[in-house]
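Asks: Dumping the structure here so I can ask a few things about it.
The values are calculated or read from the model by the stated rules, or taken from the named source; none is laboratory data. Note that this is a predicted model, so its numbers are computed, not measured. Here the Cβ is made from the backbone with ideal geometry for all residues, glycine too, and neighbour counts use every protein chain on show. Please note that ligands, DNA and RNA were not included when accessible areas were found on the heavy atoms of the full protein model with its side chains. Shrake-Rupley method; radii C 1.70, N 1.55, O 1.52, S 1.80 Å.
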Amino acid sequence: MAAIISLRNVVKRYLRGKQSVEVLHGIDLDIETGDFVALMGPSGSGKTTLLNLIGGLDTPSSGEVSVAGVRIDALGGARLARWRARNVGFVFQFYNLLPQLSAQRNVELPLLLTSLSAAQRRRNVQAALAIVGLSDRAHHKPSELSGGQAQRVAIARALVSDPTLLVCDEPTGDLDRATADEILGLLQTLNREQGKTVVMVTHDPKAAEFATHQLYLDKGELVSRSTKAVA
Amino acid sequence: MKFLPLIWAALWRKKTRTVFTLLSIVVAFLLFGMLQGVNAAFNSAVDRANVNRLMVANATAFTESLPYAYLTQIESVPGVSAVSQQSWFGGYYQDPKNFVFSFPVEPLRWRRIGTEYRIPEDQFDAWVRTRTGAVVGAQLAAKYGWKIGDRVPLHSVIWTKAGGGSDWEFDIVGIFTSPEFASRENQFLFNYSYFDEARVFGKGRVGWLVVQVADPRASARIAAAIDHLFANSPDETETKTEKEFQQSFLKQIGDINFIVTRILFAVFFSLLFATGSSLMQSMRERIPELAVLKTVGFTDAGVLRLVLAESVMLCVLAALAGLAAAALLFPALRDAIGVVTLPRAVLAEGVVIAVLLALATGLLPAWRARRLSIVDALAGR
Amino acid sequence: MAGLANQIAAVTVNNLRSVPQRAGVSAVIVIGIAVTVAVLVSVLAMATGFGKTLANTGREDRAIVLRGGSQSELASTLSRENTLTIPDARGVRRSADGKPIASAEMVGIVSLKQKATGTKANVTLRGVGPKAFDLRPEIHLVAGRLFQPAVRELIVGKAALGQFEGVDLGRRVTIHDTEWTVVGVFDSGGGSHESELMADAETVLSAYRRNLFQSATVMLESRQAFDAFKDQLTTDPTLSVDVKRETEYYAEQSKQLSRLLFFVAYIVGGIMAVGAVFGALNTMYSAVSARALEIATLRAIGFGALPVVISVFVEALALALIGGALGAAAAWIFFNGSSVNTLGSNFTQVVFQLTVTPSLAMSGIVLACIVGILGGLFPAIRAARLPIAAALRAG
């Protein structure tokens, strides 16, 4: 299958105070459509930075990032935002739900940026909540949900606009083992049954086992890549 | 409108703070409505002055009288279509607290000028025929329960009658209305001929003259012609348009507009800080949430609009509540200023100010939200 | 007890040191209260100034006589015969020449341009009798000379000179087609006569072509002589007059406006104070939430709730006091002593000065404290009830 994500000689520097710090030193990377990639590495290795570049939350200092044929490093603010809305779903360690909105309204957020009618939005939200198994929690506020449920809502939000790519930053970092396995299982199902390409940062080797591929990053460079057939 | 629930929810993120901020804005607009309402009530006489009318008063001071003969002299000035005269009677009914706006006039002359009054023809005729006849405004009649046929005594603080005493008796022969100028319905008008014959001093003199001109564009020329007519006489005149006359009268009381503006300026100055600080705090606390919005695809400009919309919603809702409270309380001031409803222009002005306040206080937090970098915000930097 | 006092002092001082870090939010309480106090104090200063001016005009041992039923000089008329009868009544003080100290006066009105607005306003031209300056020893010339009888000359009060155009020394004023020269400027110790022009009564009467006076004012032998004087005039069948002590007359004249201004001050100030309380509540709630970790830590290591409550109150009060003091100071700096004029009872302008007295400033500061206490109350309660464990974890 063709590469959906392709990075060429990607460098990322940050200004920290007066000093320029280079976080990524010329990354070359291809991820195929339908892959489930676990991005691993020690703290400060640049995992999240790399993930942010792939998800279009940040732009490289130099090099090329193309996702599904689009050079996102060349996109500016508003166009990049619109691109994210259509193509990427995000899942974070601390769920990042809006606390004052119900689960349903949280899931609906990305749809507000589309031209769908209120009825269509409601249908899509219900479908997304059904996929993550939370149809009965639609009207609950995030504070009324368990950690696992909150993360499922976050996944439903990532799914609702039917993106090809899911970008997950430590999605199980705040969950106990059993719940974490449920969430990872859900991501795996989405990858297998709905064909979503998943890129997930994790430091947990058990979590990485759910992926089809593992990438290791250290000090801003890709050090190894392994493909593991999963049962 | 689909963003409404999102904006609404953001507004109520910290309930106590929003409630108190809302209440400070409500209070400010309550004050705005009351003070501007009073100010507008005072100025309404100026704003609604008849452009066809000139007021002729004694140049020494408008409280000084003019000879009655001026009336016919002015009637022959080209461009003048009618002239009427009035005097200040200074009357009260039974108790000095019951002050009555009472004026001696000549009915026939008065009617040619007073197009804003409505009075049945037969009542007007009765007034012309009855020497001691008086016509009263509907509001005044209702206040004291006066009916046609009643004999009403007014006590004048100025004018004494031949034969002694300051109590004047009048027969009410008509009741008039003035649909566009409700305050006129508090007037009490009676025959100048009766008044002039009976008074002890000041005979043959009138308070001021009201001149109707055919073409308002000729007002300045006609005013100059009138004043020229009496130049270098013992009673020089000063002729002004009704608007100028009302304005100068208000300025005598004091610059109400100036005081009201200063107070409101102070009120809104402090409100700017209260609202601005509240919106800024709310924005700071929501940095991660704003970053999430940007992550799921809201553009920078979109986030700016959301934060601004939130401050507009807060300010406009609170302003409407404050203005509504002012409109409810306003009739309580009726006795003091004589106007019953809060002028609609004040409400409109209030909403405009609310939007300006929202933009002034919301722009800084909205700009910060726009500039917010997702990566920094998510990393908690 | 000493332990508790130490706790309170430690927590409070430590908290006050941290206020500058919350300067932005703290400004809300300070500015809100400062503006409220400034408005309250300046409007009250107007009422005080107006009352003071009229109070300075009247004396207990002077009486004013008006036609019965007239509430002001403008509405009153007295015939020449009456003005001759009145000074001869019992109780009127006589000067060395044996004549009663009294002045029959005519109040004429002149329209003069106000310097501040450029619009015309009515000014009193008081025609006074020959004994007027024995009657009012508080009046003395500060420039020029006195007018002469039978000549069209007038003197101008110092306050009128300040507010109106065209009445400087040597200028000519046209009244009913007659020209009058300003020959002197007078001071009357801050009374309302300073807003007037004065001239010889007979000359003014002829210019206005009148033969009726408006009032007669007499100097009494003593304060106690008033009743005898009044009794004689009110029982005289040839007279129909009202007799009042000057103090009483001028108090009545100021009553209406003072009442209105007090009403405006308390209503507007009260509403603004309510608004300031809301602002203060927001400031103090956010101060408490900013201090949540500190408060929880203090409570965890054994400090009581009271020191925390007191520290919140002290902060609210300190900010309120700063606001109150700033507001009172602003009112004093910008408005104290500034002259304004309004329509008095004679339908003429009375010039007065806004007067910020220490007691007015104090009432502003008292209001500030009330706002501070109300604004600190609920946040202090919240601070005391803060769940320690949750606050520590969140921090």
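Asks: Only one of these is touching a strand residue (DSSP E or B) at 6+ places or on another chain (Cβ under 6 Å), open to solvent by 10 Å² or more (accessible area, probe 1.4 Å) and aliphatic (A, V, I, L, M): B:ALA231, B:ALA134, B:ALA138, B:ALA162. Name it.
Replies: Just a single option satisfies the conditions, and that option is B:ALA138.
Asks: In addition: Quick one: C:ASP61 ticks every box in (1) in contact (Cβ under 8 Å) with a residue 60 or more places away in the chain; (2) within 14 Å of chain B (Cβ to nearest Cβ) except a single one, so which number is it?
Replies: All conditions are met except number (2).
Asks: Answer yes if at least one residue in the stretch C:105-120 is open to solvent by 60 Å² or more (accessible area, probe 1.4 Å), in contact (Cβ under 8 Å) with a residue 60 or more places away in the chain and touching a helix residue (DSSP H, G or I) at 6+ places or on another chain (Cβ under 9 Å), and no otherwise.
Replies: No, every residue in the stretch C:105-120 fails to be open to solvent by 60 Å² or more (accessible area, probe 1.4 Å), in contact (Cβ under 8 Å) with a residue 60 or more places away in the chain and touching a helix residue (DSSP H, G or I) at 6+ places or on another chain (Cβ under 9 Å).
Asks: Name the single residue, out of those in the stretch A:76-92 being touching a Ser or Thr at 6+ places or on another chain (Cβ under 8 Å) and open to solvent by 20 Å² or more (accessible area, probe 1.4 Å), that is nearest to A:VAL201 (Cα to Cα).
Replies: Ranking the qualifying residues of the stretch A:76-92, first place goes to A:ASN87.
Asks: I would also like to ask the following. Looking at (1) closer than 18 Å to C:ASN341 by Cβ; (2) open to solvent by 40 Å² or more (accessible area, probe 1.4 Å); (3) within 14 Å of chain B (Cβ to nearest Cβ); (4) not aromatic (Phe, Trp, Tyr), which one does C:LYS158 not meet, given that it meets all the others?
Replies: Looking at each condition in turn, C:LYS158 falls short on (3).
Asks: For a quick check of your reading of the model, give me the residue pairs whose first member lies in the stretch C:64-76 and is within 7 Å of another protein chain (Cβ to nearest Cβ), whose second is open to solvent by less than 20 Å² (accessible area, probe 1.4 Å) and polar (S, T, N, Q), with beta-carbon atoms closer than 6 Å and at least 6 apart or on different chains.
Replies: That search, which allows pairs on different chains as well, returns C:GLY69/B:SER166; C:SER70/C:SER76.
Asks: Name the residues in the stretch A:1-33 that are in contact with an Asp or Glu (Cβ under 6 Å, 6 or more places away or on another chain), hydroxyl-bearing (Ser, Thr, Tyr) and surrounded by fewer than 16 Cβ atoms within 10 Å (Cβ to Cβ), would you?
Replies: Within the stretch A:1-33, none qualify.
Asks: Next up: Taking the residues in the stretch C:334-351 that are more than 11 Å from chain B (Cβ to nearest Cβ) and assigned to a strand (DSSP E or B) as candidates, determine which candidate is surrounded by the most Cβ atoms within 10 Å (Cβ to Cβ).
Replies: Checking each candidate, the answer is C:VAL351.
Asks: Which residues, taken from the stretch B:234-276, are open to solvent by 30 Å² or more (accessible area, probe 1.4 Å) and of a type in the set (Val, Ile, Thr)?
Replies: B:THR241, B:ILE253, B:ILE256, B:ILE259, B:THR261
Asks: Do any helices (runs of 4 or more DSSP H) lying entirely in the stretch B:1-88 carry at least 2 residues that are more than 30 Å from B:ALA345 (Cβ to Cβ), without any contact (Cβ under 8 Å) to a residue 24 or more places away in the chain and of a type in the set (Asp, Glu), and which ones are they?
Replies: Helices (runs of 4 or more DSSP H) meeting the threshold: none at all.
Asks: Condition (residue is basic (Lys, Arg) and more than 14 Å from chain A (Cβ to nearest Cβ)) applied to the stretch B:285-293: is it met by at least one residue?
Replies: There is no residue in the stretch B:285-293 that is basic (Lys, Arg) and more than 14 Å from chain A (Cβ to nearest Cβ).
Asks: Considering B:PHE89, B:PHE101, B:PHE62, B:PHE29, which residue is at pLDDT 95 or above and either over 30 Å from A:SER143 (Cα atoms) or within 9 Å of another protein chain (Cβ to nearest Cβ) (or both)?
Replies: One residue alone meets the criteria, B:PHE29.
Asks: Could I ask something else about it? Only one of B:LYS97, B:LYS15 is in the same structural domain as B:PHE269 (by TED's automatic domain parsing), among the charged types (D, E, K, R) and out of contact with any Lys or Arg (no Cβ under 9 Å at 6 or more places or on another chain). Can you tell me which?
Replies: One residue alone meets the criteria, B:LYS15.
Asks: What number of residues within the stretch B:198-240 satisfy the criterion of being among the hydroxyl-bearing types (Ser, Thr, Tyr) and on the phi > 0 side of the Ramachandran plot?
Replies: Residues that pass the stated criteria total 0.
Asks: Show me the helices (runs of 4 or more DSSP H) entirely contained within the stretch C:179-294 in which 3 or more residues are open to solvent by 20 Å² or more (accessible area, probe 1.4 Å).
Replies: C:226-235, C:246-290
Asks: B:VAL56 - would you say it is surrounded by fewer than 17 Cβ atoms within 10 Å (Cβ to Cβ), in contact with a helix residue (DSSP H, G or I) (Cβ under 7 Å, 6 or more places away or on another chain) and within 24 Å of C:VAL123 (Cβ to Cβ)?
Replies: The answer is no for B:VAL56.
Asks: Can you confirm whether A:SER66 is surrounded by fewer than 19 Cβ atoms within 10 Å (Cβ to Cβ), in a loop (DSSP other than H, G, I, E, B) and either touching a Lys or Arg at 6+ places or on another chain (Cβ under 6 Å) or hydroxyl-bearing (Ser, Thr, Tyr) (or both)?
Replies: no
Here's the yes/no breakdown for (1) in contact with an Asp or Glu (Cβ under 6 Å, 6 or more places away or on another chain); (2) open to solvent by less than 10 Å² (accessible area, probe 1.4 Å); (3) assigned to a helix (DSSP H, G or I); (4) within 30 Å of C:LEU239 (Cβ to Cβ):
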site	(1), (2), (3), (4)
B:GLY149	no, no, no, no
B:ILE172	yes, yes, no, no
B:PHE176	no, yes, no, no
B:GLN212	no, no, no, no
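Asks: How many residues does the stretch C:135-172 hold that are more than 27 Å from C:GLY49 (Cβ to Cβ) and aromatic (Phe, Trp, Tyr)?
Replies: Selection size over the stretch C:135-172: 1.
Asks: Search the stretch A:1-45 for residues being farther than 16 Å from A:PRO60 by Cβ and of a type in the set (Lys, Arg), and hand back the single one that is modelled with the highest pLDDT.
Replies: Only one residue tops the list, namely A:LYS18.
Asks: Would you confirm, using the coordinates I've provided, whether A:ARG123 is away from chain B (no Cβ under 13 Å), assigned to a helix (DSSP H, G or I) and either at pLDDT 95 or above or out of contact with any helix residue (DSSP H, G or I) (no Cβ under 9 Å at 6 or more places or on another chain) (or both)?
Replies: The answer is yes for A:ARG123.
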